[in-house]
Amino acid sequence: MSPVLAGVLQLTALVAALALAYRPLGDHMAAVYNSPRHLRVEKVIYRFIGADADAEMRWPAYLRGVLAFSAAGVLFLYLLQRVQGGLPLSLGFASISPDQAFNTAASFVANTNWQSYSGEQAMGHVVQTAGLAVQNFVSAATGMAVAIALVRGFARSRTGDLGNFWADLVRGTVRVLLPIAVVGALVLVACGALQNFSGIHEVGQFMGGSQQTSGGAVASLEVIKELGTNGGGYFNANSAHPFENPDAFTNLFEIFLILVIPFALTRTFGKLVGNVKQGYAVLATMGVIWLGFTALMMWSEFAHGGPALQAAGAAMEGKETRFGVGSSAIFSVATTLTSTGAVDSFHSSFTAFGGGIQLLGMMLGEIAPGGVGSGLYGMLVMAIIAVFIAGLMVGRTPEYLGKKIGTREIKLAACFILVTPALVLGFTAASMVLPDALASQLNTKALGAGAHGFSEVLYAFTSGANNNGSAFAGLNADTPWYNTTIGLAMLLGRFLPMVFVLALAGSLAEQKPVPETAGTLRTEKPLFAGLLVGTILIITGLTYFPALALGPLAEGLS
């Protein structure tokens with residue numbers, strides 16, 4: 001079987017699996033967030049944290065809950081790393097330095113999981129499980145809660161109420177993420193992933209000599225890192241490591257985990273607003289972009305020229321032979337079009353145009369299908385912009401799902417769109433003029449022109465501000481400058497957009513629905529899905545094209 005055919009068959013199997021899971025999972029999440037009852041374990045959690053789960057919240061109160069919970073998470077995870085040297089099961093590792101502890105705490109709470117350290121050489125079992133793995137659950141549940149709050153803004157009329165953050169957080173964790181994670185971890189263990197608390201072992205190598213390796217609760221962390229679109233690996237090699245991702249089946253299974261909740265949330269959206277066709281329109285938009293990017297990536301990697309690469313069958317540098325080019329390309333697009341950041345190959349080793357596709361996927365806002373929760377609310381904001389543009393073209397007040405899109409809503413949507421590019425381009429520009437930051441581009445001189453070095457820096461801040469977490473190898477990001485600035489980019493890129501999303505949700509929830517007329521734009525039709533795709537690509541292109549031209553495009557055309 002040719003590598004191209006194998007890649008196409010894997011993509012087909014993945015689409016089939018996602019289609020089978022779409023309806024039951026989407027309906028389950030809609031029932032979870034609409035349920036009037038609390039499970040017994042949930043009631044225990046509410047009493048422990050002192051929350052009234054039945055109290056309705058307007059958007060300022062909902063936002064305070066999000067920010068307070070996230071701030072507590074940053075503080076706890078920071079302190080846990082700072083005292084690691086005195087904890088049991090630390091494997092003899094020292095406490096983490098202040099700048100790296102801040103960067104890691106910000107990263108995992110912001111659902112980014114950017115790692116400027118090697119997990120197996122820095123983090124003990126307690127930090128990995130009680131710190132990082134826990135944040136993988138709750139940061140994902142926080143994103144889902146914010147998305148559901150925005151959906152309630154469309155669904156509710158003249159109340160301003162968005163539900164209860166604490167109830168949404170706990171339900172998303174207990175009823176959605178935990179059950180799937182338990183089953184997924186069992187699948188990974190059955191296929192060969194590690195799950196233990198063993199120490200460091202000295203093991204022999206085939207070519208002589210030895211190396212140190214450690215065990216850990218790898219499978220349980222691996223499954224939630226993918227399911228919650230987190231991305232931080234137990235080992236430095238991430239999902240390219242055989243202890244995390246043993247074979248071709250687990251590789252495809254992990255891609256499925258990355259995509260299943262973000263895609264299924266469109267079904268949840270349709271159910272909660274009372275019109276599943278609206279969910280299908282959003283799903284179609286996400287699907288077209290995802291499949292288009294996947295096809296472009298596979299073409300770029302399989303067709304890369306040069307005698308050595310053609311003899312190898314494609315661009316195999318930086319890719320695992322047990323996965324191959326096709327599966328690596330599918331994984332790469334899935335992880336950069338969501339906020340996952342997990343890698344089964346090394347993105348810096350992709351072709352120049354392949355690296356550009358990865359960058360562009362994150363620059364879209366990671367909305368196709370995006371992170372758990374963040375992908376849906378990002379796409380809905382883009383839908384509001386698309387409706388506004390359509391309204392301008394026909395000269396009538398724009399409406400979406402029965403709600404008028406006025407000046408306040410457009411200002412909030414515009415702020416949501418602008419905040420991330422400002423962080424990415426601002427920090428990238430600063431890093432390209434500061435000598436210490438430039439010195440971190442380890443392979444710039446070897447490549448001559450420096451376009452790849454610029455791409456490394458641009459990729460780092462794009463990944464951080466968009467809460468992705470993957471990186472171009474070759475940039476030494478474990479410096480005070482990058483630890484601090486990427487940490488700030490991750491926090492601001494995560495929580496500033498949430499401020500605008502929740503304010504937008506509150507504004508919509510206060511409105512009275514507008515009756516549909518003959519002039520109302522039918523947003524469940526293919527025409528609107530096409531308009532939405534065009535709006536996303538045009539906005540992203542106008543924002544980022546100059547930076548892409550200086551990086552991957554310049555490298556690819558040189």
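The values are calculated or read from the model by the stated rules, or taken from the named source; none is laboratory data. A quick note: this is a predicted structure, and the numbers were derived from the prediction, not measured. In this analysis, Cβ positions are derived from the backbone assuming ideal geometry, glycine residues included, and neighbour counts consider all displayed protein chains. Surface areas here come from the heavy atoms of the whole protein model, side chains and all, with no ligands, DNA or RNA. Shrake-Rupley method; radii C 1.70, N 1.55, O 1.52, S 1.80 Å.
Examine the range 534-548 for a residue that is under 26 Å from Arg152 (Cα atoms), touching a residue at least 24 places away in the same chain (Cβ under 8 Å) and either of a type in the set (D, E, K, R) or open to solvent by less than 30 Å² (accessible area, probe 1.4 Å) (or both), and state whether such a residue exists. Lay out the reasoning, then the answer.
First, pick out the residues of the range 534-548 that are under 26 Å from Arg152 (Cα atoms): 535-536.
Narrowing further to those that are touching a residue at least 24 places away in the same chain (Cβ under 8 Å): 535-536.
If we keep only those that are either of a type in the set (D, E, K, R) or open to solvent by less than 30 Å² (accessible area, probe 1.4 Å) (or both) too, we end up with 535-536.
Looking through the range 534-548, at least one residue is under 26 Å from Arg152 (Cα atoms), touching a residue at least 24 places away in the same chain (Cβ under 8 Å) and either of a type in the set (D, E, K, R) or open to solvent by less than 30 Å² (accessible area, probe 1.4 Å) (or both).
Among Val134, Val127, which is the only one that is in contact (Cβ under 8 Å) with a residue 12 or more places away in the chain and of a type in the set (Val, Ile, Thr)? Let's see the steps before the verdict.
Values: Val134 fails: in contact (Cβ under 8 Å) with a residue 12 or more places away in the chain.
Exactly one residue qualifies, and that residue is Val127.
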So, in the range 131-140, how many residues would count as being surrounded by fewer than 24 Cβ atoms within 10 Å (Cβ to Cβ) and either acidic (Asp, Glu) or more than 19 Å from Asn236 (Cα to Cα) (or both)? 3
Long-range neighbours under 9 Å by Cβ, at least six apart or interchain, first residue among the basic types (Lys, Arg) within the range 66-92, second outside any loop (DSSP other than H, G, I, E, B): Arg82/Pro98; Arg82/Ala101
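Within 17 Å of Gly216 (Cβ to Cβ) and in a helix (DSSP H, G or I): does that describe Ala133?
Numbers: within 17 Å of Gly216 (Cβ to Cβ): yes; in a helix (DSSP H, G or I): yes.
Criteria met by Ala133.
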Test Gly453 against the stated conditions and say whether it is open to solvent by less than 10 Å² (accessible area, probe 1.4 Å), assigned to a helix (DSSP H, G or I) and free of Cβ contacts under 8 Å to residues at least 24 places away in the same chain. yes
Could we say that Ser90 is of a type in the set (Ser, Thr, Tyr) and open to solvent by 10 Å² or more (accessible area, probe 1.4 Å) here? yes
Which of the residues belonging to the range 12-34 are loosely packed, with under 13 Cβ neighbours inside 10 Å and either in contact with a strand residue (DSSP E or B) (Cβ under 6 Å, 6 or more places away or on another chain) or under 18 Å from Ala141 (Cα atoms) (or both)? Ala31
Out of (1) open to solvent by 30 Å² or more (accessible area, probe 1.4 Å); (2) touching a residue at least 12 places away in the same chain (Cβ under 8 Å); (3) touching a Ser or Thr at 6+ places or on another chain (Cβ under 9 Å), the one Ile96 does not meet is (1)
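Would it be correct to say that Phe461 is open to solvent by 10 Å² or more (accessible area, probe 1.4 Å) and among the aromatic types (Phe, Trp, Tyr)?
Details: open to solvent by 10 Å² or more (accessible area, probe 1.4 Å): no; among the aromatic types (Phe, Trp, Tyr): yes.
Judged against the criteria, Phe461 is not a match.
State all residues of the range 89-113 that are part of a loop (DSSP other than H, G, I, E, B) and at pLDDT 90 or above; if no residue qualifies, say none. Spell out how you get there, then give the answer.
Residues of the range 89-113 that are part of a loop (DSSP other than H, G, I, E, B), as a first pass: 89-97, 110-113.
Scanning the range 89-113 gives Ala94, Ser95, Ile96, Ser97, Ala110, Asn111, Thr112, Asn113.
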Do we have any residue at all in the range 389-407 that's over 17 Å from Arg152 (Cβ atoms), open to solvent by 10 Å² or more (accessible area, probe 1.4 Å), in a helix (DSSP H, G or I) and at pLDDT 95 or above? no
